[in-house]
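*Asks:* First the structure, which I've put down as structure tokens, then a few questions once you've had a look.
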Amino acid sequence: EGLPKLPGFDFANRLRQKHHVPQSFKYTKGYPVPEKPICGIGGELLNEDSIYFCTDQTDEVLYDPILTYGRVRHLPVKPFRPHFVLYDQKTLKFSAFFRQGVPESPQETFRIRYVNILYFLEDDSMTVLEPTVENCGYPQGRLVRRGKIAKNCLGELYSWKDLNIGIDLEIN
């Protein structure tokens, strides 16, 4: 009495002598027909007998599933936003370099110039910017104006899927 039902605690009645299982089938014309058992194993009372104490007029509040499981949550529907609003002011920035030939200088044959490629997601346009360096002697800043750039002579345009780390771009 009063002990928790944990593994190792056995509350079975050790003095019980009858262990027979009651019949649950009645044979009619040679076929077994299931029948509600009258008693449990060993002649004990069935747990189903406690159902007789319940009435058909049960209180709805006691068995309300909202009290047990909570209210059904409806996921909010996200409002439609067009592509240009969704990607407005969002850009992808890639650091790049290119080799520029220097034919008029006997000291160097080419020059490495570092640039930033900005890809604008709202309209799939690109621009190429070079950070300015004081007194370098060649034009810097915006090297390619913002716009859609063709990737080949067939007229296909660059998209964000074409830009990745370690690839070569050809911009004319």
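Just so it is clear, none of the values below were taken in a lab; they were calculated from the coordinates. Computed from a predicted model, the values in this text were never measured in an experiment. Every residue, glycine among them, receives a Cβ derived from its backbone with ideal geometry; neighbour counts consider all protein chains shown.
*Asks:* Suppose the chain between Lys36 and Lys93 were pulled fully straight at 0.36 nm per residue; how much longer would it get relative to their current alpha carbon spacing? All intermediate terms of the calculation are to be shown ahead of the outcome.
*Replies:* Values: separation 57, 0.36 × 57 = 20.52 nm, distance 7.65 nm.
Extending this stretch completely gives an extra 12.9 nm.
*Asks:* Please find, in a Gaussian network model of the chain (springs between Cα atoms separated by less than 10 Å), the residue of Arg146, Arg14, Arg111 whose mean-square fluctuation is greatest.
*Replies:* Comparing Arg146, Arg14, Arg111 in the GNM, the peak value goes to Arg14.
*Asks:* Normalising by the residue count of the chain, find the relative contact order in percent from Cα pairs under 8 Å and 6+ residues apart.
*Replies:* 10 percent
*Asks:* Considering only Tyr158, Tyr31, Tyr119, give the residue with the highest GNM mean-square fluctuation for the chain, with springs between Cα atoms whenever their separation is below 10 Å.
*Replies:* Tyr31
*Asks:* Taking the chain as a Gaussian network, where each spring joins two C-alpha atoms under 10 Å apart, which residue of Val72, Val144, Val33 fluctuates the most?
*Replies:* Val33
*Asks:* Given charges of +1 on the Cβ of Lys and Arg and -1 on the Cβ of Asp and Glu, with all other atoms neutral, how large is the dipole of the stretch 83-162 about its Cα centre, in debye to the nearest 20?
*Replies:* Values: 11 positive and 10 negative charges, 13 e Å.
With Lys and Arg at +1 and Asp and Glu at -1, about 60 debye.
*Asks:* If you don't mind, another one. For labels at Ile112 and Leu169 in the simple 7 Å Cα→Cβ model, what's the distance in nm?
*Replies:* Result: 1.9 nm between the two label points.
*Asks:* Using the number of other C-beta atoms within 10 angstrom as an exposure proxy, rank Lys151, Lys5 with the fewest first. It would help to have the intermediate numbers written out before the result.
*Replies:* Numbers: Lys151 15, Lys5 7.
Least crowded to most crowded, the residues run Lys5, Lys151.
*Asks:* Rounded to a whole number of µm²/s, how large is the Stokes-Einstein D of the chain at 10 °C and 1.306 mPa s, given Rh as the Kirkwood radius over C-alpha pairs? The partial results should precede the final answer.
*Replies:* Numbers: Rh = 26.5 Å.
Calculated translational D: 60 µm²/s.
*Asks:* Using θ = phi - 60° and the Karplus curve 6.51 cos²θ - 1.76 cosθ + 1.60, what whole-Hz ³J(HN,Hα) does each residue of the stretch 139-152 get, with Gly and Pro shown as x?
*Replies:* Per residue, the Karplus-derived 3J(HN,Hα) values read x, 9, x, 7, 8, 10, 5, 5, x, 7, 10, 6, 9, 8 Hz.
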